[in-house]
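Have a look at the structure below, then the notes.
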Amino acid sequence: MRAFKCQTFILTPKEKRLKWDPKARAGIFVGYEEVSKAYRVFDIEAGQVVISRDVNFDESTFGLQLPITDEDVDDLDFELLDLDDEELRQMEYQQTGKRKNRLNDEDTAAPRPRAVRQRPGLEESSAPENNSSRQEEDEETKDSGDSTPPVFWRASANAVEAAVDLSEPSTFEAAVSGPDQVHWRKAIHAELESMRLRGVFRAAKLPNGQRAIGTKWVFKIKRKADGSIEKYKARLVAKGFRQKYGIDYTETFSPVVKYVTLRMVIAISKHFGWPIDQLDVVTAFLYGVMKEQVFCVIPEGVELDSTFDCLELVKSIYGLKQASRVWNETFDEYVCSIGFQVSDFDPCLYIKTSDGHCVFILVYVDDVLVTGSSLELIAQTKNDLKTRFEMTDSGKCAFVLGIELLDGEDGSVTICQRRYVDDILKRFGMDDCKAVASPVDMSSRLVSSDATTKVDAPFREAVGALMHLTTATRPDIAFAVGYVSRFMENPQEEHWVAVKRIFRYLQGTKTHGICYKPSARIDFRGYSDADWAGDLTDRKSTSGYTFMLLGAPVSWGSKKQPSVSLSTSEAEYIALSLAIQEGKWIHRLLCEIVMAANEEGPELMIHEDNQSCIKMTKNPVNHGRAKHIDIKYHHIRDEVKRGEVKLKYCETAVMLADIMTKGLHGPRHKEITTALGIREHSD
């Protein structure tokens, strides 16, 4: 017998978690399931009771009180959504006072544990599939949605709480009965109406031998760059993790525009003085035509004649494994039909030239950017897109993919993620920390540990959040983030301290971003560097590179080398190989863009601070210090010989890739970041 109300950890199946998500969730043991050999556990994060057989128990900890049920909420009929505008306005008026009071309380009061309403719905987290059943039971999880979750038992409580918008309901019942029900009802109605107009569903009778996948409502508040509410979004998603390969889907890969391409187009547009307009495709996935026959259960809020027991998907919906792919195929087919060509170097960049002018389209799922040399071509392109797809035209792009575009008085543009930095600092309880001048503590050298216990902190979540930041707008923390990521498998206290050091650096540089400035000519150059034997655990070296465009980085990288180098020259040679691989792709992409604008592409020049390494690229003789180097790195010699890559020696003092290979002291770190064009932007 297990101890009642003891601490537990519920395994989260692989198909229900992302790469950086924790493998288990904290819970409280509340009993045994009567009809199966499983446990009933209160999931603290979800605020509900779940049934699972994959549970670990800590019967020495009883530090929490189980949230109690205030009241049961009666089942709601979806016909409540069928209200006219006058009724909606009356409901909105009645709810305004309550909502303002609630927001004021949240703004002024300190976070505190509150009771959470618990519905009797259950979720199976690990149960065998019943292949004989004709229809999968829809997993219902019911809670009030507007109650503050209980305080977490571990140190990461504030982190998780800050990551969740408490005004976003987690269930259908909570959305249509909560304090913001008017907004959510409108959003639900808009989603269902959009599906009806697109012909997404077709009422059906489930064929013998087939099964229907479940659906779930997801609610999200879309916010502007300043954090204010832009709109309430309700999305009906499929439980795609129930799909079977070869039956419900085959291919799933779908490209999105690369950050390098996005930064490059922003920089080039600013250089030529082109406007960048932003559009958002409304319910984009609903345009994709299904190739496989897929059935789903009848969603909450949809009523059918009793002769039908499921819906057949004619178009794709969010959550399906192939949804993104079929949408991308639909968009690609149409854009090419109106005269655009797909870039040879990024499948989500489309280029069109006409009468000496050019126009570009970038697409990231349902976010679309349009820029070019002709206002007439841009307007025509937007009209063509709006003819085929329902789109929201936001005009001038100021905020895309979480990145702010801030114009300077000198004609420059700065891209930064101020709001995201604030969010992750709050998420991990570091919003009041003391700032430091550099992200790496030079007095501490980290090594791997053989300890059997790990630090009790959200280490992986923090590193994952930092990785997103460094790949988008913050090359100044690239090495620091890559450094701590080496200890993901078994993080210890000193590794967590190193992560917090990065947060402390961000506290003092949250308004920093990459600043691109127009110039007389397109300035493009690269830097390659290596830190020999810098890893104290296995003595492997670190490669680093950065490519500058119009005075700021457009691409960068910091990577631990796969083998031990016997000399600094060898380490630099291996690092140069990585830089050339990236540089050739970037250079070709850049030339494709500027040549469409009737400009001549720049040459590919890479700066290197090791003379011996430069000599090795020109001398094919396998002398004693180089004959053991793997043949895969010797492509460098061919690139240099053909003249596709030019190498130039530079002093170590001006090596901008130095920041990608090792930690630097505060003054040196500031010197490099300034030279990289990473600057503070003040409104």
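What follows is calculated from the coordinates using simple rules that are stated; it is not laboratory data. Everything numeric in this text was worked out from a predicted model, so none of it was measured. All Cβ positions, glycine included, derive from the backbone under ideal geometry; neighbour counts span all protein chains shown.
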| said: Restricting to DSSP loop positions (anything but H, G, I, E, B) with no more than 15 other Cβ atoms inside 10 Å of their own Cβ, which GluC sites (Glu not before Pro) remain in the stretch 193-261? | reply: GLU251
| query | Once both labels are modelled 7 Å past Cα along the beta-carbon direction, what's the THR471-TYR649 spacing in nm? | reply | 3.8 nm
| field | Cleavage-rule hits, chymotrypsin sites (Phe, Trp or Tyr not before Pro), the stretch 169-274, DSSP coil, Cβ neighbours within 10 Å at most 16 | value | PHE253
| Residue-by-residue Karplus 3J(HN,Hα) for the stretch 372-387, coefficients 6.51, -1.76, 1.60, Hz, glycine and proline x | x, 8, 10, 5, 5, 5, 4, 4, 5, 4, 5, 5, 4, 5, 5, 5
| task | List the residues whose amide H sits under 5 Å from the amide H of ALA24, counting only those 5 or more places along or on another chain, with H placed 1.01 Å from N in the peptide plane. | result | THR12
| request: Give the long-range amide H neighbours of TYR249: residues separated by 5 or more places, or on another chain, with amide H under 5 Å away, using H modelled in the peptide plane at 1.01 Å from N. | output: LYS244
| query | Between GLU600 and GLU680, what is the label-to-label distance in nm when each label sits 7 Å out along the Cα-to-Cβ direction? | reply | 4.2 nm
| field | Calculated FRET value between VAL564 and LYS618, using beta carbons and R₀ = 22 Å, to 0.05 | value | 0.30
| query | Where does each of VAL363, VAL30, VAL499, VAL400 land when they are ranked from fewest to most other beta-carbon atoms within 10 angstrom? | reply | VAL30, VAL400, VAL363, VAL499
| said: Could you tell me the center-to-center distance, by alpha carbons, between the stretch 3-27 and the stretch 312-343 in angstrom? | reply: 35 Å
| request: Provide the gained length on full extension for the span SER36 to THR537, in nm with one decimal, where the gain is 0.36 nm per separating residue minus the Cα-Cα distance. | output: 175.6 nm
| field | Cut-off 12 Å, label 7 Å out along Cα→Cβ of MET442, residues of the stretch 641-683 by amide N | value | 663-671
| request: Return the sequence-ordered ³J(HN,Hα) values of the stretch 559-575 in whole Hz as given by the Karplus equation 6.51 cos²θ - 1.76 cosθ + 1.60 applied to θ = phi - 60°, using x for Gly and Pro. | output: 9, 6, 6, x, 9, 7, 9, 8, 7, 5, 4, 5, 4, 5, 5, 5, 5
| field | trypsin sites (Lys or Arg not before Pro) restricted to the stretch 412-468 and DSSP loop, no more than 14 other C-beta within 10 Å | value | LYS434, ARG445
| request: Name the long-range amide H neighbours of LEU604: under 5 Å, sequence gap of 5 or more, or other chain; modelled H, no Pro or chain starts. | output: LYS646
| said: Full-extension gain between ALA451 and PHE253, please, as 0.36 nm times their residue separation minus the C-alpha to C-alpha distance. | reply: 67.4 nm
| remark: In the structure shown, of LYS224/LYS386; LYS559/LYS627; LYS315/LYS396; LYS540/LYS632, the pairs separated by more than 26 angstrom at the C-alpha atoms are LYS315/LYS396
| task | Using the Karplus curve 6.51 cos²θ - 1.76 cosθ + 1.60 with θ = phi - 60°, work out ³J(HN,Hα) for each residue of the stretch 628-635 in order, rounded to whole Hz, and write x for Gly and Pro. | result | 8, 5, 4, 4, 5, 8, 7, 4
| Cβ-based exposure ranking for ASP58, ASP450, ASP180, in which fewest neighbours within 10 Å come first | ASP450, ASP58, ASP180
| field | Theoretical gain in end-to-end length, ASP410 to LYS434 [0.36 nm per residue, Cα-Cα removed] | value | 5.4 nm
| request: Report the local net charge at GLY601: Lys and Arg +1, Asp and Glu -1, summed over other residues whose C-beta lies under 10 Å from its C-beta. | output: -3
| Ranking HIS183, HIS665 by Cβ neighbours within 10 Å, fewest first, what do you get? | HIS665, HIS183
| Spin-label point model (7 Å from Cα, Cβ direction): what's the ASP58 to SER374 distance in nm? | 6.5 nm
| message | Nothing charged except the Cβ atoms of Lys and Arg (+1) and of Asp and Glu (-1): what's the magnitude of the dipole of the stretch 482-613 about its Cα centre? Round to the nearest 20 debye. | response | 500 debye
